[in-house]
Amino acid sequence: MFDLSLLIGLPKPNSIDTSVLTPEDAAIKLRQAATLRLNGAQSVLLHFPQEVELAVELLDDAAVLYDRAFRNLTGIPAQSVHQQIHEYVSVPSVEGAPAIQTPWGDEFAPVIKEGVRCAETWLEGSSLPLWWALSQNRKRHHPGDPQEAFEAGFLLRLQQTLIMRREAVTSQSTRFDA
């Protein structure tokens, strides 16, 4: 049987020490940690659909880990790329969830939209593991900002959907309690 305590006990992204590693090795370690969290989120949703909050937390942690991996390889945070010009692309709203602004400019809109479409395909019942859908599709993009933008579109669409499902479950339980 699946043990949730293993996922709950995963270290938070900021506690993963990569200081003794080369930037490349640190990026590999961080991406592996992110993949573990993506797999965990998928497993939680399959085996414990009522634990949407844990799945959202795992996805949030995966996004932070991908960002740290990017910073290790480039030396710059992904979020600082377009902060000066204030032109951002948003992941469109879905199922009543508000749009989510990304740190990437208009030139990354097609890549972000592709990430959103890939996540939607997976959410519609793809038989592929979540980590596989992300890792194989991200390879179509150049390393750096294009891959990060694709990942943002993918993970943010998952986050939106999970939050809406959590809110739907919460509102249903509130209706039954009344």
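The values are calculated or read from the model by the stated rules, or taken from the named source; none is laboratory data. All figures in this text were calculated on a predicted structure; none of them were measured in a lab. For neighbour counting, all protein chains shown are included, and Cβ atoms are generated from backbone atoms with ideal geometry for every residue, glycine included.
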| Does Leu6 count as surrounded by fewer than 16 Cβ atoms within 10 Å (Cβ to Cβ), over 19 Å from the mean Cα position of the chain (by Cα) and part of a loop (DSSP other than H, G, I, E, B)? | no
| Pick from segment 20-60, criterion under 22 Å from Glu148 (Cα atoms) and polar (S, T, N, Q), ranking: surrounded by the fewest Cβ atoms within 10 Å (Cβ to Cβ) | Thr22
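Across segment 129-167, which residue is nearest to Gln50 (Cα to Cα) among those that are of a type in the set (A, V, I, L, M) and modelled with pLDDT of 90 or more?
From segment 129-167, those of a type in the set (A, V, I, L, M) are 130, 133-134, 149, 152, 155-156, 158, 162-164; that's our starting set.
Keeping just the survivors that are modelled with pLDDT of 90 or more gives 130, 133-134, 149, 152, 155-156, 158.
Details: Leu130: 18, Ala133: 23, Leu134: 24, Ala149: 30, Ala152: 25, Leu155: 20, Leu156: 20, Leu158: 16 Å.
Top of the filtered list is Leu158.
Can you tell me which residue among Ala133, Ala152 is touching a strand residue (DSSP E or B) at 6+ places or on another chain (Cβ under 8 Å) and in a helix (DSSP H, G or I)?
Numbers: Ala133 fails: touching a strand residue (DSSP E or B) at 6+ places or on another chain (Cβ under 8 Å).
Step by step, each of Ala133, Ala152 is checked, and only Ala152 is touching a strand residue (DSSP E or B) at 6+ places or on another chain (Cβ under 8 Å) and in a helix (DSSP H, G or I).
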| message | What are the pairs with Cβ atoms under 7 angstrom where one residue, in segment 110-125, is more than 10 Å from Gly153 (Cα to Cα) and the other, located anywhere, is surrounded by fewer than 17 Cβ atoms within 10 Å (Cβ to Cβ)? Sequence gap at least six, or different chains. | response | Trp122/Leu128
| query | Restricting attention to segment 19-29, which residues are within 17 Å of Ala63 (Cα to Cα) and not basic (Lys, Arg)? | reply | Ala26, Ala27, Ile28
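Output the residue which, of all residues in segment 88-116 that are of a type in the set (D, E, K, R) and surrounded by 14 or more Cβ atoms within 10 Å (Cβ to Cβ), is farthest from Glu167 (Cα to Cα). Show your work before the answer.
Within segment 88-116, the first condition is being of a type in the set (D, E, K, R), and the residues that meet it are 95, 106-107, 113-114.
If we keep only those that are surrounded by 14 or more Cβ atoms within 10 Å (Cβ to Cβ) too, we end up with 113-114.
Working: Lys113: 25, Glu114: 26 Å.
Out of the qualifying residues, it is Glu114.
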